[in-house]
Each structure stands twice: as structure tokens, then as C-alpha cells.
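A short worksheet on the structure shown next.
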Amino acid sequence: MIEKTLKTTTGKLPIKIPTQLSDVTLGQMMVMQAKPNLNDIEAISILSGIPVSELQQVKDANDFLVFADSVLALAYQIKYLYNSDVIPKQISFLLPGENRPKTVKVLDNLSVEPAGAFMAAREIIADEVNNHIKKFGEEDWKENFNPSLNACCQVLAHYFYCRATGKPYNEYQAEEFINHIKNMRVTEALPISKHFFYCYPSLSKPKISFWRRLQQFWKNGLAYNRSKNLNISTP
């Protein structure tokens, strides 16, 4: 952490921001990624937790330069994190009403279960991959594909919900679990979620559901029957 006290129009303002990516949460990085035209004050606000309105009261804008190297260093670290294959062995969650964090083991094969969580994760991954292919083409899509942090967060919510809470799978409650996923260190969250996008190709391929296949079967069957009836009625 780097901590400095800056002079403001009303007094002094202590500011502390992380210098290591391991001190940054997934939620913080998501907010930064959602702002493509992020300025210096907004970046410092997200990393420090201090509202922009308070930072705007700093007397000299040059005082913020002391944080410039730290912000740039974090940007480089997140770039290299996308290339990391180091998956943590366990994750801790502090759930409402609990006095101690609950430790959840990260399974070696990173299977998505139960079936409801698997199907939800598959849909999220397929949408993310398809959107990328629409923009950049299908050829060598994995070479320059980086899933959005928002999609990573959603996949992890479905993956960890049952393990962390001990409750049966519920799609809506799993989506609400996103708020807990946002508190994960980005150095933990990104390697795990990236695994699903890159190492589970079957997850990223949109598949026709049983229901859609049945509908297609009915459609083909009806078309065949109509054709057959027409042939019979034709002299």
C-alpha cells in the first residue's frame, strides 16, 4: 500500500491505495473495466474507496502524481494475470451472520456442478465467446480473447454458490452471490474463471437443448407428414 496525506480546501485528506494486485478486489477491477475513459481521480477513488467529490477538493492536482506509478503498475499486473495459470487451492468467504470466514476448496478438475450451475455457466461463457467472435472473427479467437471481468464474476457466482453456502442450487440466489464474489481478490478470481473459458471448450460451445431438439424433431416430422400427404393426394 502507498499512503499519502494531501492538502484540501477544507483541511487534509489521507489517501491509501494498493501497490500490489493481490490487494485489489475483483469488484474494484470490474468498476475500472466498466469505465473505458477512466481519469486519474476516478481510478484513485475506486482504489482508495474515497468519493470523487472529496478527491476533487485537493488543492494541487499535481499531488496526485505520487500515485501515478502505482496505478500504472497495477495495470501491467492485470495484463500479466490473464496469462497466469496458477489456480489457488482454496478461497475464503465471509458470509452474512457468520463470525468466521468459510474456507472452500477449489477442486482440481474445477467441475461445475450441480447441473443447474453447469448450464448457467455454459450460457454465460457461450455468450461471451460468441460476442468476441462477432467482433473479431472466429479464426484463432483464443489467441486474443480475454473474458470480461463481469462474465468471470457471474461464472464464479454459480460455481461457488453451493459450496460456500451449503444450500441447494438456486439460479436467482446464485446470481445474488455475485456480491460476495466481488470481494474476492482479483488474483484469485481471474485464474479460476479463466480456466472455464479456456480449458473447457465444451462449455463455450452453444448447444441445442433437449427442448429445442424436440421442437426441431416435431417441425421436421410435420413437414414430412405434409409432404407425404401432398404426394398421396397428387394424381
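For the range 32-171, the Kirkwood estimate of the hydrodynamic radius, built from every pair of different alpha carbons, is 18.5 Å. If R0 is taken as 22 Å, the Cβ-Cβ distance between Gln90 and Glu113 corresponds to a FRET efficiency of 0.80. Close amide H pairs (under 5 Å, H built 1.01 Å from N) link Lys102 with Phe93, Leu94, Leu95, residues at least 5 positions away or on another chain.
Provide the net charge surrounding Lys12, with neighbours chosen by a C-beta distance below 14 Å and charges set as Lys +1, Arg +1, Asp -1, Glu -1.
Values: positive: Lys4, Lys7, Lys16, Lys59; negative: Glu3, Glu54, Asp60, Asp63.
So the surrounding residues net to 0.
Straightening the chain between Glu123 and Ala61 buys 17.8 nm, computed as 0.36 nm per residue apart minus the Cα-Cα spacing.
Report the GluC sites (Glu not before Pro) located in the range 1-101 that are in a DSSP loop and have at most 11 other Cβ atoms inside 10 Å of their Cβ, or state none. Within the range 1-101, the qualifying GluC sites (Glu not before Pro) (loop, at most 11 other Cβ atoms within 10 Å) are Glu98. Between Ala73 and Glu175, the modelled label-to-label distance comes to 4.0 nm, taking each label 7 Å out from Cα in the direction of the beta carbon. Backbone N atoms of the range 163-178 closer than 18 Å to the 7 Å Cα→Cβ label point of Thr103 belong to residues 163-166. For the range 90-204, the Cα gyration tensor yields ellipsoid semi-axes of 26, 14, 12 Å (square root of five times each eigenvalue, largest first, whole Å).
Annotation for the range 51-112: trypsin sites (Lys or Arg not before Pro) lying in DSSP loop with at most 14 further Cβ atoms inside 10 Å of their Cβ are Lys59, Lys89.
Note that the range 25-36 has calculated 3J(HN,Hα) couplings of 8, 4, x, 5, 5, 5, 5, 5, 5, 6, 10, x Hz, one per residue in order, obtained from phi through the Karplus relation 6.51 cos²θ - 1.76 cosθ + 1.60 (θ = phi - 60°); glycine and proline are x.
Coordinate-derived values only; no laboratory data. Just so it is clear, the structure is predicted and the values come from calculations on it, not from any experiment. Cβ sites come from the backbone with ideal geometry, for glycine too, and all protein chains shown count toward neighbours.
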